[in-house]
Amino acid sequence: MATENDQRYTPEEESYDPEGIAELRRQEEEERLSRRIRREIIRIESGESDEALEEERQQMKEEEAERKAEEERKERRSRSILLNIFTGGFLSTDGATKYYRMLIAIAIMCFLCIFLTFLSLNADREYRHLEKHALVLRERAIIFEDRKYSISTREEINRLLQKQGIELKDLDNDSHVIR
């Protein structure tokens, strides 16, 4: 029931005159209670059945249980540290909470920017490392290619054959060719 009264007043009104708002709520609660008492007196005087009274008591118990459950949920939410950090639930005014949420959003965006910057720096470092490795491989390929062509020259082949004691003969003369 108190939640209905809470919705009638804006947070600005409460921050402006909290004592006056509390007094108005207390008066509204007294009026509601006096109306309820009058209804009960009229009901008893009119001879309404006990079952109807019992139903109303049961309904009141259910409403009370719902109210307590809602209060427990609010209490659990207020005890959650992470939720309070991200929503600014520990702040007293709605204006501060709104600005706090904006600050949290800015902080998260800054964190993401820093995270992405480090990721790009790491990727750039890895790219440079791979580029150096590719350059070394390219140089090795050129060196091996030079060796391959230097070995295939006639003078180099003659030198290697003489080293092993093999004589190189020109096959201009068809007599040495085996058919």
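The values are calculated or read from the model by the stated rules, or taken from the named source; none is laboratory data. This one's a predicted model, so the numbers in the text were calculated from it and none came from an experiment. Here the Cβ positions follow ideal geometry from the backbone for every residue, glycine too, while neighbour counts run over all protein chains shown.
Scanning the stretch 140-155 for residues that are of a type in the set (Phe, Trp, Tyr) and modelled with pLDDT under 80 yields a count of 1. So, in the stretch 85-128, of the ones that are in contact with a helix residue (DSSP H, G or I) (Cβ under 7 Å, 6 or more places away or on another chain) and hydrophobic (A, V, I, L, M, F, W, C), which residue ends up modelled with the highest pLDDT? Among those that are in contact with a helix residue (DSSP H, G or I) (Cβ under 7 Å, 6 or more places away or on another chain) and hydrophobic (A, V, I, L, M, F, W, C), it is Ile104.
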